[in-house]
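Reviewing the structure listed below.
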Amino acid sequence: MLLYQNIYVFLSSTIFCLLLTPFIRAVSLRYKILKKPNHRTVHENPMPLLGGIAVAFATLFSIVSFYVIYKQETTWPIDFSKLCILSFSGLIILALGFVDDVKGVGPWGKFVIQTLAAFIIWAFGIRLNFFADYIESNIFINLFSLFFTLFWMLSFTNAINLIDGLDGLATGISSISFLSLGIISYTDNNNQALSFVCIALAGATLGFLRYNFNPAKIFLGDTGSLFLGFMLGGISLLGAMKTATISSVTIPIILIGLPAIDTSFSIIRRLLKKTSIFQGDKEHIHHKLLEMGFSHRRVVIILYCLSVFFAFLALYLTFNSGRQTGLVVLLFSFISYLAFNKLGYKEYLKLLKYRFSVNEEEDNVPLEVKFFDLTAKLNIARKPEAIWETASKIIDTIGFERSSLHFFDPEERKISKVFSWAQDLDKIESLMKRYQKIVMGKSLGKGGSIVSYQLSQKNPKILLVRSKEEMKGIICDEILKNIAANEFVSVPIIGRNGQLGAIVADKYFTSKPIKQEEVAMLSSLAAQIAVIIERNQLTKNLNTVFANVAKRQQNVEAQKNLLY
């Protein structure tokens, strides 16, 4: 009978989600609740959000209808009130995700609401009491329990949110995880009722995958990814409460192995780069696989297979009563090491070594360590001058000999400011001043600088010029004959809302060829500058900033004239 009940729950949630999702998509499109493409996303067109509502309500419909139909035939060994509390807190997270998708919520706002929801379930007895047998004081037991419960819930909630970067990735991984938890609960006489919730969530996510797999028609949004992560954490916590052993805590972590590894890597690299752990980037595991040349679909399928493997490890650990916990943890650690090493994260080990090496000679510091270290300093820049001061050092580290940073005013449709740098600026200072004057005086299009031409395009691309003769008729003759190097590269700075500027770099003094990896690092720098500009809202007050700087310089010159 229990098997048929689980089948009903699975099919009802799947079918209801299949029917509800098109309606949610239509609402999202109607009210323009869309995810717009930006420098961190891989989709090119605005996509409807709020898919999590379809998943949540399909799950709710399935459980409520099941309870109405089978309430006379089903016992609930688990405390039913705890399921209600978990569901209530899950709805708080769902509401948080909805507001974030519609209006946007800051990282600290999300943190506070997530902590509140986790505290509610702790206060009503859904908690991790792993240290209860080792501590005598009830006060310390409660404090440890509160800390680890909050940490557990916040980790699970945000792990699914962080992995939600490709079509169908978070949805598929969640479906695999809930299905595995459902099997584990189904085989446990004390947790069979919990299997209904897990199977309902697995069915709902599978139904939603029909519209979310590449090419996606709708996204989960934070509404869905936060809700699924929170429910996954809460359900695994309810299961772990029955037997507070190492294996009972390890199994859920192994089960979400991929999101757990990706989240750990994200926190580590952001701390090493001295950036906020809340600041998004494009260095997640799925981004790395895309950079290796795999297609969008293939990356998702590869990660599905890895998630299935982790699910098998968790099931193996469950059915062996935790006797092979050490072996499974060792295997999990080995896979984490392979991912760290093969996906390009090993440079962070060098950065970690450099951070703790007080006697490291500057000349012996590896290029990638210098790059990451300067990148970390760039993240704390708040003004255009500070951005360029550090950015020019990064450009020098990459291997370029001369560069200019162009700020673009989207309202005036012109270059609003140009910063210049060169390894030996004294030799060409007058030349660079002339360049700035030409650039500032020209409108977008041909007949100006390479940046004027580049930013006049609808979708500006990186321009790597191997011979300046190619630019005849595009760049003005004075720049082409007297200022430009024979080889140069121009990288656009593109933010969420459009063009912000560009970086031009060359090897003016030695005329050495520009390497592809140097272009890639310059492109990475441009992407980071875009994040910093928008984070500090420099686009809104850039002209004011420059005007104030110019006024202060005039005042200083006037005071000098008075003194002398």
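The values are calculated or read from the model by the stated rules, or taken from the named source; none is laboratory data. Quantities reported herein were computed from a predicted structural model and do not represent experimental measurements. Quick reminder, even Gly has a Cβ in these numbers, built from the backbone with ideal geometry, and neighbours come from all protein chains shown.
Residues that are out of contact with any His (no Cβ under 9 Å at 6 or more places or on another chain), surrounded by fewer than 24 Cβ atoms within 10 Å (Cβ to Cβ) and among the hydroxyl-bearing types (Ser, Thr, Tyr) do occur in the stretch 208-221.
Assess whether residue 464 counts as being of a type outside the set (Val, Ile, Thr), in a strand (DSSP E or B), in the same structural domain as residue 484 (by TED's automatic domain parsing) and surrounded by fewer than 20 Cβ atoms within 10 Å (Cβ to Cβ). Before you say what the answer is, go through the steps one by one.
Values: of a type outside the set (Val, Ile, Thr): yes; in a strand (DSSP E or B): yes; in the same structural domain as residue 484 (by TED's automatic domain parsing): yes; surrounded by fewer than 20 Cβ atoms within 10 Å (Cβ to Cβ): yes.
So residue 464 passes the test.
Residues in the stretch 181-230 that are outside any helix (DSSP H, G or I), within 21 Å of the chain's Cα centre (by Cα) and of a type in the set (Val, Ile, Thr): 218 only. If the condition is being surrounded by 15 or more Cβ atoms within 10 Å (Cβ to Cβ), among the basic types (Lys, Arg) and at pLDDT 90 or above, then the stretch 9-41 contributes only 25.
Of the candidates 178, 147, the single residue that is more than 19 Å from the chain's Cα centre (by Cα) and surrounded by fewer than 24 Cβ atoms within 10 Å (Cβ to Cβ) is 147.
Sort out which residues of the stretch 487-540 are surrounded by 22 or more Cβ atoms within 10 Å (Cβ to Cβ) and aromatic (Phe, Trp, Tyr), and write them in order of number. The answer is 488, 508.
Would you please name the residue that is modelled with the lowest pLDDT, looking only at residues in the stretch 426-452 that are of a type outside the set (A, V, I, L, M) and either touching a Leu at 6+ places or on another chain (Cβ under 7 Å) or crowded, with 21+ Cβ neighbours inside 10 Å (or both)? Step through it out loud before you land on a result.
Taking the stretch 426-452 first, the residues of a type outside the set (A, V, I, L, M) are 426-427, 429-430, 433-437, 441-443, 445-449, 452.
Filter once more, keeping what is either touching a Leu at 6+ places or on another chain (Cβ under 7 Å) or crowded, with 21+ Cβ neighbours inside 10 Å (or both): 435, 448-449, 452.
Working: 435: 83, 448: 75, 449: 80, 452: 81.
Ranking the qualifying residues of the stretch 426-452, first place goes to 448.
Among residues belonging to the stretch 490-514 that are farther than 18 Å from residue 431 by Cβ and not in a strand (DSSP E or B), point out the one that is farthest from the chain's Cα centre (by Cα). Checked the stretch 490-514; the qualifying residue farthest from the chain's Cα centre (by Cα) is 512. Picking from residues in the stretch 42-66 that are free of Cβ contacts under 8 Å to residues at least 40 places away in the same chain and surrounded by fewer than 16 Cβ atoms within 10 Å (Cβ to Cβ), the one that is nearest to residue 201 (Cα to Cα) is 64.
Scanning the stretch 397-416 for residues that are surrounded by fewer than 21 Cβ atoms within 10 Å (Cβ to Cβ) and among the basic types (Lys, Arg) turns up 413, 414.
Taken together, the criteria place residue 193 among residues that are touching a Phe, Trp or Tyr at 6+ places or on another chain (Cβ under 8 Å), among the hydrophobic types (A, V, I, L, M, F, W, C) and surrounded by fewer than 24 Cβ atoms within 10 Å (Cβ to Cβ).
Residue pairs whose Cβ atoms lie under 6 Å apart, sitting 6 or more positions apart in sequence or on different chains, and linking a residue in the stretch 309-324 that is at pLDDT below 85 to a partner that is assigned to a loop (DSSP other than H, G, I, E, B), do not occur here.
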